[in-house]
Amino acid sequence: MSWIKEGELSLLEKISANILKAGPMPKHVAFIMDGNRRFARKKNMERQEGHMQGFNKLAETLRWCKHLNIPEVTVYAFSIENFKRTEDEVDGLMELARQKFERLLEEQCFVNVCFAYTSRYEITNAVREMAWGVEQGLIKGSDVSEALLSECLYSNNSPNPDLLIRTSGEVRLSDFLLWQTSHSCLVFQSVLWPEYSFWNLCEAILQYQLNHKSIQKARDLHREHQALQQLEADRACVAELLQHHSNGKPADSQRRQEALLHYTACREERVRDFLEALKHKRDSFFSDLCSESLLA
């Protein structure tokens with residue numbers, strides 16, 4: 001049986017979903033699934049049962065996203081900080097996550113699961129990867145940019161979330177996707193995660209739609225600013241190279257333009273080669289890690 005519960009929406013839910021889908025819909029939604037332990041206390045049940053209810057709610061939410069034509073979901077399943085909880089709770093969460101995510105692998109959906117994750121570590125690691133690229137001679141220090149850092153994040157194969165939802169009434173990101181959500185719609189809802197409903201999701205999507213124009217404008221301005229920054233950086237490098245090779249004589253505009261085009265093409269090729277090398281490095285790391293786990 002599918003873990004992502006099969007089933008149709010009610011007539012009212014279908015009508016509401018169709019109305020929502022007439023407007024701009026988020027292509028990528030991120031969830032901070034908060035409130036499992038408080039739900040367990042509220043219902044006088046064991047913490048483990050609260051976490052179980054939380055995982056089941058994830059399955060139900062993925063089904064709603066499927067009906068709403070939301071193609072990608074990212075969930076904050078476990079922070080590095082969560083290892084500070086009691087050993088019994090951590091062990092129980094690990095086993096529960098193993099069972100549920102093994103079943104999730106069988107489903108036809110696109111879900112990113114952030115497990116033992118913090119955004120600050122992810123960003124720090126991306127900086128280390130770029131430094132490694134410079135040390136290896138794959139890229140130059142001048143190639144390092146905001147855009148390149150984005151390509152070095154764990155989420156480089158996914159678009160940034162359009163909408164981030166946090167439940168339980170907390171109004172902080174808790175070190176989750178700090179870089180990726182700088183131009184996302186952030187919605188904080190008071191409902192505990194195991195009690196999350198289709199209507200809560202609709203409310204969050206409506207908030208996204210009401211703010212869609214301003215969010216899109218901010219994203220477009222940011223992309224333009226990034227492109228301008230890169231162009232200025234390339235021009236500065238070209239000017240330095242021309243000055244070095246021309247014995248101080250100024251180059252004409254045609255030569256400067258040709259040199260700029262050549263430099264830009266070379267930089268883009270360096271970056272592509274670096275990212276390919278980085279992918280190979282990470283693939284090798286995970287392959288070795290899996291081999292060690294099988295031998296353990």
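The values are calculated or read from the model by the stated rules, or taken from the named source; none is laboratory data. Keep in mind it's a predicted model, so treat the numbers as computed, not measured. Every residue, glycine as well, gets a Cβ built from its backbone with ideal geometry; the counts of neighbours run over all protein chains shown. Remember, those area values only see protein heavy atoms, side chains included, never the ligands or the DNA or RNA. Shrake-Rupley method; radii C 1.70, N 1.55, O 1.52, S 1.80 Å.
Computed over segment 124-205, the P(r) tail beyond 14 angstrom holds 69 percent of alpha carbon pairs.
Separation of segment 269-296 from segment 104-178 is 16 Å, based on Cα centroids. What angle do you read, to the nearest 10 degrees and between 0 and 90, between the alpha-carbon axis of helix 87-104 and the longest principal axis of the chain? Rounded to the nearest ten degrees, it is 80.
Bridging of Lys100 to aspartates and glutamates at a Cα separation below 14 Å is possible for Glu49, Glu60, once same-chain residues fewer than 8 apart are set aside.
The relative contact order of segment 34-150 comes to 24 percent, based on Cα pairs under 8 Å that sit 6 or more residues apart. Restricting the GluC sites (Glu not before Pro) of segment 138-215 to loop positions (DSSP other than H, G, I, E, B) with no more than 15 neighbouring Cβ atoms within 10 Å leaves Glu170. Checking the cross-link pairs Lys57/Lys84; Lys21/Lys217; Lys43/Lys66; Lys14/Lys213; Lys21/Lys66; Lys27/Lys217 against a 19 Å limit on the alpha carbon distance flags Lys57/Lys84; Lys21/Lys217; Lys43/Lys66; Lys14/Lys213 as lying beyond it.
Diffusion coefficient (Stokes-Einstein, Kirkwood radius over C-alpha pairs, 37 °C, 0.692 mPa s) for segment 7-67: 242 µm²/s, rounded to a whole number. Each of Leu149, Tyr196, Ser184 was placed along the dipole of segment 131-202 (beta-carbon charges, centred on the mean Cα), and the one lying farthest toward the positive end is Tyr196.
The residues packed around Phe274, meaning those with a beta-carbon under 12 Å from its beta-carbon, carry a net charge of -2 if Lys and Arg are +1 and Asp and Glu are -1. Pairs of alpha-carbon atoms within less than 8 angstrom and 6+ residues apart define the contacts here; what relative contact order does the chain have, in percent? Answer for the chain is 22 percent.
The residues of segment 159-296 expose, per residue, 63 Å² of accessible area to a 1.4 Å probe.
Rg/Rh for segment 173-296 (Cα atoms only, Rh after Kirkwood) is 1.19. Here the Karplus relation 6.51 cos²θ - 1.76 cosθ + 1.60, evaluated at θ = phi - 60°, turns the backbone of segment 42-56 into coupling constants of 4, 9, 6, 10, 5, 4, 4, 5, x, 5, 4, 4, x, 5, 5 Hz, with x for every Gly and Pro. When all protein chains stay in place and ligands, DNA and RNA are ignored, the 1.4 Å accessible-area order of Trp199, Trp193, largest first, is Trp199, Trp193. Could you check how much of the accessible area of the chain is carbon and sulfur, as a whole percent, using a 1.4 Å probe? The nonpolar share, carbon plus sulfur, comes to 54 percent.
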